[in-house]
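The values are calculated or read from the model by the stated rules, or taken from the named source; none is laboratory data. All of these numbers come straight from a predicted model, not from anything done at the bench. For neighbour counting, all protein chains shown are included, and Cβ atoms are generated from backbone atoms with ideal geometry for every residue, glycine included. Areas reflect the complete protein model, heavy atoms only, side chains present, ligands, DNA and RNA absent. Shrake-Rupley method; radii C 1.70, N 1.55, O 1.52, S 1.80 Å.
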Amino acid sequence: MSQKKEPSLLRLVLVLTGIALVAGLALTGVYALTKAPIDNAQKEKKEKALNAVLPGFKGELKDTTVTLEGDDEGVLVHLAIQEDGTLFGAGVETYTKKAFAGRFDLMVGLDAQGSILNTEVITAGETPGLGDKINKVEGKTNFADQFNGQDPATYKLSVTKDGGDVDAITAATISSRAYCDAVQRAYNVFMKVKEGYNE
């Protein structure tokens, strides 16, 4: 009876290295193929969100990035300048890192005085059925609707549990607090940019 020869250690290492190289090349290829469509879809989503938070705006957008004291990254402000040169308001690409899933990004529309026109979620990974209620759903009462028309100078952007004016999503207080944080950041950035805007 002949004994089965055990593969050598070198042969095993070479086979595993080959498999790892093929897998790495396959992943690189998939990334290269999907990167552009994903980037385009994200850009389209941001453009849709910007149109939704600046209803009725006709004019030119001027972009500027502002980093608030204490933040480690900037916030992109799309200043909305009307055809006559007056300030319509701004669409602000804001974020929070206080979400249950760590981070989400919003687009917040503000009028020239700083009142909230509308908000739209750009990206979020909150818990399905709970925190994901920050996303708007057609035909339902939406958590985000309570922000529309509010002036953060007088409307406290924190949940009622913390002494604010915002009704939290049931069983999703962390997501609600995070939403407030992102909207407050948008307002603070806009007011800072507005100070330096000459009409």
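Restricting the range 159-177 to residues that are in contact (Cβ under 8 Å) with a residue 24 or more places away in the chain and in a helix (DSSP H, G or I), which is surrounded by the fewest Cβ atoms within 10 Å (Cβ to Cβ)? This residue is I174. Among the residues of the range 54-72, those identified as open to solvent by 60 Å² or more (accessible area, probe 1.4 Å) and within 19 Å of Y95 (Cβ to Cβ) are D63, T65, T67, E69, G70, D72. Contact map, the range 179-199: residues that are closer than 18 Å to N118 by Cβ paired with residues that are assigned to a helix (DSSP H, G or I), Cβ distance under 8 Å, separation 6+ or inter-chain. Pairs shown: Y179/I134; Y179/F143; Y179/A144; V183/F147. Out of curiosity, is A101 surrounded by fewer than 21 Cβ atoms within 10 Å (Cβ to Cβ), at positive phi, at pLDDT below 95 and among the aliphatic types (A, V, I, L, M)? The answer is no for A101. Looking only at residues of the range 77-88 that are touching a residue at least 40 places away in the same chain (Cβ under 8 Å) and assigned to a strand (DSSP E or B), we find that the one that is farthest from T64 (Cα to Cα) is L87.
Is the range 89-98 home to any residue that is surrounded by 14 or more Cβ atoms within 10 Å (Cβ to Cβ), of a type outside the set (A, V, I, L, M, F, W, C) and in contact with a His (Cβ under 7 Å, 6 or more places away or on another chain)? Within the range 89-98, one or more residues are surrounded by 14 or more Cβ atoms within 10 Å (Cβ to Cβ), of a type outside the set (A, V, I, L, M, F, W, C) and in contact with a His (Cβ under 7 Å, 6 or more places away or on another chain).
Checking each residue in the range 97-115 for being within 14 Å of L79 (Cα to Cα), of a type outside the set (D, E) and in a strand (DSSP E or B) picks out M107, V108, G109, L110. Within the set T64, T28, the sole residue that is assigned to a helix (DSSP H, G or I) and either more than 15 Å from the chain's Cα centre (by Cα) or over 26 Å from Q146 (Cα atoms) (or both) turns out to be T28.
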